[in-house]
1. Extension gain HIS204-ILE55, at 0.36 nm per residue separation less the Cα-Cα distance, in nm?
2. Quick one: which residues, 5 or more positions from PHE150 or on another chain, have an amide H under 5 Å from its amide H? H modelled 1.01 Å from N in the peptide plane, none for Pro or chain starts.
3. By the gyration tensor of its Cα atoms, with a ≥ b ≥ c the square roots of the eigenvalues, what is the shape of segment 31-209: rounded for a/c under 1.5, prolate for a/b over b/c, or oblate?
4. Quick check: from the Cα gyration tensor, does segment 148-201 come out rounded (a/c under 1.5), prolate or oblate?
5. Using Cα pairs under 8 angstrom and six or more residues apart, how large is the relative contact order of segment 31-209, in percent?
Amino acid sequence: MVSKAASDVPTQAPPPPGSGAGKYLHSSVAGAAKILVVGPLGVGKTTLIGTVSEIKPLFTEAVMTQAGARVDTAAASAKTTTTVALDFGRMTIDGELVLYLFGTPGQPRFLPAWRDLAKGALGALALVDTRDLAASFDALGNLEDLGLPFAVAVNVFPGSPQHHTGDLRAALDLLPETPLVACDARDRTSSVRALIALVSHLIHLATETS
Ligand SMILES: Nc1nc2c(ncn2[C@@H]2O[C@H](COP(=O)(O)OP(=O)(O)OP(=O)(O)O)[C@@H](O)[C@H]2O)c(=O)[nH]1
Ligand SMILES: [Mg+2]
């Protein structure tokens, strides 16, 4: 059970290990990494990719259908459109590591489509809305099924309940090593920090297995 308390979810990801971060991944992934941005309906995936992308992002928004409208999450209540195929953007870290960002559709009926979208991906950033934690379970479970390493970013909305990190980790059933950070998908600095937390995690995993 998540208790209400002052949030201690870190808003700053651990700093990347300088230009070494990019250099390490540069040698292992030839300077480019495919990253998924996942999460439930309306959690802010499209917003985050639009915020950080250094190219004009590709969006595939469509007016919500009846099927989509029935999925009533806190974040989705004021939305009229939803991603129906994918979002695409690009962000460079350290001037040398290019992240190709693929946003997934949030509607549960599209979960099976992730299998194709995840091909060649190195990891995922999973966005979570604390106003409806249960809405994230499908996305996190899908990442585990795919064996895709991920970091979790709490996208903070007005009125979002604040939780102690330990309570949140327990509620989301996260492994101890899975990064958990807070972000505002509309803010570039905090969104980039969330992606850097993921990249740092991927570097750590790659270092462990090399
Ligand atoms: N207050 C606040 N609003 C946000 C934040 N992130 C996104 N929003 C708003 O929430 C709405 C949903 O954002 P989207 O980016 O479309 O969400 P999505 O996860 O791509 O949604 P689907 O594609 O339908 O799954 C938009 O109106 C955003 O402006 C945030 O961090 N804070
Ligand atoms: Mg979207």
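Derivation of every value follows stated rules applied to the coordinates shown; laboratory data play no part. These figures come from a predicted structure and were not determined experimentally.
1. On the way: separation 149, 0.36 × 149 = 53.64 nm, distance 2.82 nm.
Length difference between fully extended and current span is 50.8 nm.
2. The answer is ALA124.
3. Rounded shape, in that the Cα axes give a/c under 1.5.
4. oblate
5. It rounds to 26 percent for segment 31-209.
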